[in-house]
């Protein structure tokens with residue numbers, strides 16, 4: 001069941017002098033929902049076009065279901081693509097659009113009708129079969145594009161930023177619908193997006209791309225909680241980053257100095273003294289204490305700060321706290337029953353800390 | 001501010017109407033009126049209304065001229081389409097730095113008078129011309145081909161002269177065409193032939209029609225190419241009109257033929273209009 005459906009081995013691509021994709025290898029398992037995430041120009045669409053066959057790699061091999069397809073044209077790869085602009089044929093009805101792929105395969109018209117109507121029912125468009133694409137809403141066009149691809153029963157469905165043209169609410173709905181569709185069909189989805197929230201909420205695994213490199217490939221939880229590079233930490237969600245030197249290490253602990261306080265943190269990566277490191281803490285992992293909430297002796301391992309700004313967000317209150325060095329950090333405080341006092345005001349003196357071990361420590365990276 | 005803008009609007013629209021009125025509508029109107037007047041050898045026309053010019057056209061000699069012109073215009077349009085479509089496609093899909101140069105090459109012939117270019121074609125096609133010289137030198141033929149002063153020469157001349165009018169609207173249409181339609185077709189398993197017939201032709205139909213109209217209409221009334229290259233053996237509609245105006249001095253008959261041609265073209269455009277929707281027509285402009 002979980003055999004490898006797609007394998008890229010040392011694949012790279014140049015357009016003129018521009019290295020769109022550096023040598024990259026990925027293995028995608030059958031039935032996986034995998035997302036290629038990154039800003040525009042990061043190479044995510046290039047990966048998709050190499051898999052679909054619209055571009056040929058300069059180096060490396062591409063395998064689909066164990067077969068080398070590096071030199072096969074798109075129409076022979078048994079994949080289908082949902083294009084960013086949908087690319088629905090404007091002169092054809094919804095029905096004819098969806099039937100196009102089956103007609104190319106010379107399937108009997110009776111069988112085509114059955115399969116087209118089945119898939120249109122699945123995407124709830126059977127009433128609109130005789131409409132032209134320009135008589136449909138954005139969300140409906142989106143569903144036609146998916147139906148047109150899925151009706152061919154591809155072994156892998158490629159989706160190139162399919163939700164980027166939809167407005168916020170519709171995009172949320174379509175995310176859920178897509179995920180459900182993928183579960184029901186049981187086929188592999190390779191999804192390209194620049195929206196990190198979308199990537200985290202839909203995928204089994206996320207590949208984060210940057211400037212033609214794949215920075216990290218892992219489950220949404222992995223890439224969020226254990227980023228392997230500063231880029232990933234910054235790109236996925238918000239991150240407070242302290243750059244500092246390891247003073248000493250002992251018993252799986254390392255000691256760093258942050259804002260004048262010596263803190264002993266977990267040394268998960270066997271780092272040694274004198275190393276420069278980045279200590280990364282997510283805003284929601286930071287707890288902010290008002291001065292009258294705690295006793296002075298409890299502040300030993302806490303950082304002092306002044307509230308600069310309070311941003312009310314409904315389910316959370318975001319605080320921008322200025323530390324003694326002038327560095328500003330972001331803390332997200334959740335409303336809950338135990339802690340009713342969330343009415344921070346600006347210029348208030350506070351203490352911040354986090355549960356030891358929730359921070360991520362990365363070796364120092366030179367700023368390029 | 002608003003008043004000023006509306007003044008400018010009224011001003012510019014009136015200028016356009018005035019221009020069209022003087023230079024387009026008035027000549028058509030005068031032509032139409034003249035076609036119902038009687039010819040007169042002393043003054044150009046006599047102000048006696050008559051339908052005689054139109055009834056004269058029922059003559060079978062005129063009818064065969066009409067057929068011949070239609071035949072020439074149709075073959076010329078089809079050949080231009082066959083040559084022009086791949087031509088336009090290649091230009092539209094070439095790298096942008098080459099594209100403007102290729103387009104320039106299409107347009108350059110316009111810098112020389114069409115009449116002079118027709119003489120150049122004569123120089124190529126004549127018995128001792130460049131083409132025969134080349135073919136003889138290569139040993140492909142052993143006596144000169146008699147192309148000049150034949151229907152073939154007229155056809156070659158018309159295709160040469162009007163090909164850019166086919167290429168340019170097709171180019172505009174294909175260039176605007178979203179590449180992803182072709183990729184989608186390929187993605188869905190279509191081979192190039194299916195993609196061409198089912199996707200490319202329907203989506204570039206506005207360009208095909210615009211190009212065809214722009215080639216068909218001038219060919220119908222082309223007069224100097226048949227005279228120069230066809231040796232005036234075959235009279236076409238254009239020659240007939242020219243003859244009525246310049247030689248026979250029968251302006252009313254000449255205008256009657258023009259009106260008939262205009263009606264013909266009008267019907268063509270009407271048929272297209274009926275069979276197209278708003279969007280197609282918009283992309284035509």
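What to note about this one:
- With respect to (1) within 29 Å of the chain's Cα centre (by Cα); (2) under 18 Å from residue A:358 (Cβ atoms); (3) assigned to a strand (DSSP E or B), the lone exception for residue A:256 is condition (1).
- Test for residue B:226: is it within 14 Å of chain A (Cβ to nearest Cβ), surrounded by 20 or more Cβ atoms within 10 Å (Cβ to Cβ) and part of a helix (DSSP H, G or I): no
- Matching entry among B:64, B:41 (being modelled with pLDDT under 90 and part of a helix (DSSP H, G or I)): B:64
- Check on residue A:154, touching a strand residue (DSSP E or B) at 6+ places or on another chain (Cβ under 9 Å) and within 14 Å of chain B (Cβ to nearest Cβ): yes
- Taken over the stretch A:111-130, the residue count meeting the criterion of being closer than 19 Å to residue B:198 by Cβ and not in a helix (DSSP H, G or I) is 2.
- Unmet criterion (only one of (1) within 20 Å of the chain's Cα centre (by Cα); (2) in contact (Cβ under 8 Å) with a residue 60 or more places away in the chain; (3) surrounded by 14 or more Cβ atoms within 10 Å (Cβ to Cβ)) for residue B:152: (2)
- Any hit, the stretch A:120-134, residues being surrounded by 21 or more Cβ atoms within 10 Å (Cβ to Cβ), in contact with a strand residue (DSSP E or B) (Cβ under 9 Å, 6 or more places away or on another chain) and away from chain B (no Cβ under 12 Å): no
- Screening residue B:218 against (1) more than 14 Å from every other protein chain (Cβ to nearest Cβ); (2) under 15 Å from the mean Cα position of the chain (by Cα); (3) at pLDDT 85 or above; (4) over 19 Å from residue B:67 (Cα atoms) leaves a single unmet condition, (4).
- A single entry from B:157, B:129, B:189, B:133 fulfils the requirement of being crowded, with 19+ Cβ neighbours inside 10 Å and more than 9 Å from chain A (Cβ to nearest Cβ): B:157.
- Failed criterion for residue A:245 (all others in (1) out of contact with any strand residue (DSSP E or B) (no Cβ under 6 Å at 6 or more places or on another chain); (2) over 18 Å from residue A:32 (Cα atoms) hold): (1)
- Consider the stretch B:192-207 and keep the residues that are surrounded by 20 or more Cβ atoms within 10 Å (Cβ to Cβ) and touching a residue at least 24 places away in the same chain (Cβ under 8 Å). The one that is nearest to the other protein chains (Cβ to nearest Cβ) is B:203.
- When residue A:234 is tested against (1) touching a residue at least 24 places away in the same chain (Cβ under 8 Å); (2) out of contact with any strand residue (DSSP E or B) (no Cβ under 6 Å at 6 or more places or on another chain); (3) surrounded by 13 or more Cβ atoms within 10 Å (Cβ to Cβ), just one condition goes unmet, and that condition is (1).
- Residue B:139 passes every criterion in (1) more than 13 Å from chain A (Cβ to nearest Cβ); (2) part of a helix (DSSP H, G or I); (3) farther than 19 Å from residue B:118 by Cβ apart from (2).
- Check on residue A:324, at pLDDT 85 or above, assigned to a strand (DSSP E or B) and over 31 Å from the mean Cα position of the chain (by Cα): no
- Unique residue being in contact (Cβ under 8 Å) with a residue 60 or more places away in the chain and more than 24 Å from residue A:217 (Cα to Cα) when the list is A:169, A:134, A:152: A:152
- Positions within the stretch A:345-364 being assigned to a strand (DSSP E or B) and surrounded by 15 or more Cβ atoms within 10 Å (Cβ to Cβ), in sequence order: A:350, A:351, A:352, A:353, A:354, A:360, A:361, A:362
- Wholly within the stretch A:1-110, strands (runs of 3 or more DSSP E) carrying at least 2 residues that are within 14 Å of chain B (Cβ to nearest Cβ), under 28 Å from residue A:194 (Cβ atoms) and in contact with a strand residue (DSSP E or B) (Cβ under 8 Å, 6 or more places away or on another chain): A:79-82
- Evaluation of residue A:192 against (1) surrounded by 15 or more Cβ atoms within 10 Å (Cβ to Cβ); (2) within 12 Å of chain B (Cβ to nearest Cβ); (3) closer than 18 Å to residue B:180 by Cα (one fails), failing number: (2)
- Tally of residues being in a loop (DSSP other than H, G, I, E, B), more than 7 Å from chain A (Cβ to nearest Cβ) and closer than 18 Å to residue A:162 by Cα across the stretch B:174-186: 0
- Selection count where residues are touching a strand residue (DSSP E or B) at 6+ places or on another chain (Cβ under 7 Å) and surrounded by fewer than 22 Cβ atoms within 10 Å (Cβ to Cβ), scope the stretch A:217-231: 9
The values are calculated or read from the model by the stated rules, or taken from the named source; none is laboratory data. As the structure is a prediction and not an experimental result, all values here were calculated from the model. Reconstructed Cβ throughout: ideal geometry from the backbone, glycine too, with neighbour counts over all protein chains shown.
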